[in-house]
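The structure under discussion appears below in the form of structure tokens.
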Amino acid sequence: MFKNTIFRRMTALVLTLALAATAALPGLAVYPMPIQTASETEAVYLFNADTGKTILNQNADQQQYVASLTKLMTALLLLESGKDLNGEVTVPTVLTQEFRDIQNANGTTMGLRIGETVRRIDLLNAMLIVSANDAASVIAYDVGGSVLDFVKQMNARAQELGCTGTNFTCAHGLFDYGNVSTAQDLAKIAAACAANQTFAQVAGTASYVLPATNLRKAEHTISSSNSLMNSESANYREYVRWVKGGFTTLAGRCIVAFAEKDGHTYGLVILGCDTLDHLFAECDDLFDWAFASFADRPLVDTQTVLTTVDLTKCRTEPAVELYAAAPVSGYGHADDIVTYSFDLPESIAATVKSGSVVGTATVYLDGDEVGTVDLVTHKEYVSDFRTDMKATVLLLCALLFILAALTAVTLAAGGSSLNLKKRRRRR
């Protein structure tokens, strides 16, 4: 079990390292905010979930209360624990005060009672679909041994993921005291969650049937109230894959959403929005803008000179022109700049035949590596030796021709002289 947990964590870490590394690289474009958010204090972080590239950034490094987005980390730790999701957990008496505190804070619950036995998969679904706070507390007790120890695990995992502005104080986010993060940190946590197939499936579920338990004799259905995934809502977007929302008075309206279209995935975090209407409208506008503004486009063709290499032993050509052996395309914004790095010799000696591979070019789009392509010549570059030899041969041929002509003329002239002498003798 321990090895499985380490493997899961390493897999998630690899998928989130690109996000952390890209944020630290200079020169990569963060695009102008295409919309006016409901308030200037909102935190917005839109990123390409396939590459980790930051797309939009507004207040994304500022600590804010994150409400039920806390449950992303709770779900992640459960999934990484290696515990059997179909296994059962009995709600312990030690959570009595925790449940009272949730009730006093008017927190959403799945109606768990002390002594009730429920499957972990049911807790996970209730926590992610209807944001059940009691389910989060039971998961915390089950995975951590106690809620307090589980919170310690949450903060340790956040550090492992590269979070620098995150501090969790509870497993559900209902209690605001000190429970903070940043939009950029939550993107890292969300990326780790998205790497888990079970999480993506559960978080992308609109409704779920909770089975009967030892204290609940009938099954019942829970349903998400999220407009982005409700096909009857004006805010519905078919490309949205999963959503987790949150709200407290201090945190405002918060959301993490992932959307995928044509093989490209974006993650979005919004913190501190004032109303649900604004929140869902901003999600729609930002995702619509991303899918409209970024596309696969040709970057390199085979007919444009990419670079040259100095040519030696050729007086007529100072350099060899090099072309891409194959076209290269990439996914990006229309304003993204294409750059190259080359692996080439300092010079090359003639003769160089047409179609010769001289080196390679690595293609970058806005600083992100797209691919590597061979560089080839489109014509032959002939050496001075061959040119000089050809000229020498031609000269020799010309001289021989002239010599032959002179010889022929001389012989012809000699023959005419002999004939003339013979005629004189006869006279």
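Meeting the requirement of 2 or more residues that are within 18 Å of N179 (Cα to Cα) and in contact with a helix residue (DSSP H, G or I) (Cβ under 9 Å, 6 or more places away or on another chain), the helices (runs of 4 or more DSSP H) wholly within the stretch 72-151 are 96-104, 133-144.
Every condition in (1) at pLDDT below 95; (2) over 27 Å from the mean Cα position of the chain (by Cα) holds for N4 except the one numbered (2). When the residues of the stretch 289-318 are filtered to those that are of a type in the set (V, I, T) and out of contact with any Leu (no Cβ under 6 Å at 6 or more places or on another chain), the one that is nearest to D335 (Cα to Cα) is V300. Only one of the numbered conditions (1) modelled with pLDDT under 90; (2) surrounded by 15 or more Cβ atoms within 10 Å (Cβ to Cβ); (3) more than 22 Å from A295 (Cα to Cα) is not met by Y381, and that is (1). Of all residues in the stretch 231-254, which are crowded, with 21+ Cβ neighbours inside 10 Å, among the aliphatic types (A, V, I, L, M) and touching a residue at least 60 places away in the same chain (Cβ under 8 Å)? If the condition is that a residue be crowded, with 21+ Cβ neighbours inside 10 Å, among the aliphatic types (A, V, I, L, M) and touching a residue at least 60 places away in the same chain (Cβ under 8 Å), then A251 is the only one that fits.
Let's see how each residue does on (1) part of a strand (DSSP E or B); (2) closer than 22 Å to D176 by Cβ; (3) within 24 Å of the chain's Cα centre (by Cα):
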position: S231; (1), (2), (3): no, no, no
position: R237; (1), (2), (3): no, no, yes
position: W242; (1), (2), (3): yes, no, yes
position: G245; (1), (2), (3): yes, yes, yes
position: V256; (1), (2), (3): yes, yes, yes
position: L271; (1), (2), (3): yes, yes, yes
position: H278; (1), (2), (3): no, yes, no
position: E282; (1), (2), (3): no, no, yes
position: D285; (1), (2), (3): no, no, yes
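I'm checking my understanding of the structure. Among residues of the stretch 168-204 that are without any contact (Cβ under 8 Å) to a residue 40 or more places away in the chain, surrounded by fewer than 22 Cβ atoms within 10 Å (Cβ to Cβ) and not small (G, A, S), which one is nearest to L228 (Cα to Cα)? Across the stretch 168-204, the extreme among qualifying residues is Q201.
Residue-by-condition table, conditions (1) in the same structural domain as D84 (by TED's automatic domain parsing); (2) aromatic (F, W, Y); (3) touching a helix residue (DSSP H, G or I) at 6+ places or on another chain (Cβ under 9 Å):
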| residue | (1), (2), (3) |
| --- | --- |
| T205 | yes, no, yes |
| R216 | yes, no, no |
| G246 | yes, no, yes |
| F258 | yes, yes, yes |
| W289 | yes, yes, no |
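Residue pairs whose Cβ atoms lie under 6 Å apart, sitting 6 or more positions apart in sequence or on different chains, and linking a residue in the stretch 72-89 that is in contact (Cβ under 8 Å) with a residue 12 or more places away in the chain to a partner that is assigned to a strand (DSSP E or B) and surrounded by fewer than 15 Cβ atoms within 10 Å (Cβ to Cβ), are E88/T117. Among residues of the stretch 55-71 being in contact with a helix residue (DSSP H, G or I) (Cβ under 6 Å, 6 or more places away or on another chain) and assigned to a loop (DSSP other than H, G, I, E, B), the one that is surrounded by the most Cβ atoms within 10 Å (Cβ to Cβ) is A60.
The values are calculated or read from the model by the stated rules, or taken from the named source; none is laboratory data. Values in this document were obtained by computation on a predicted structure and should not be read as measured data. For neighbour counting, all protein chains shown are included, and Cβ atoms are generated from backbone atoms with ideal geometry for every residue, glycine included.
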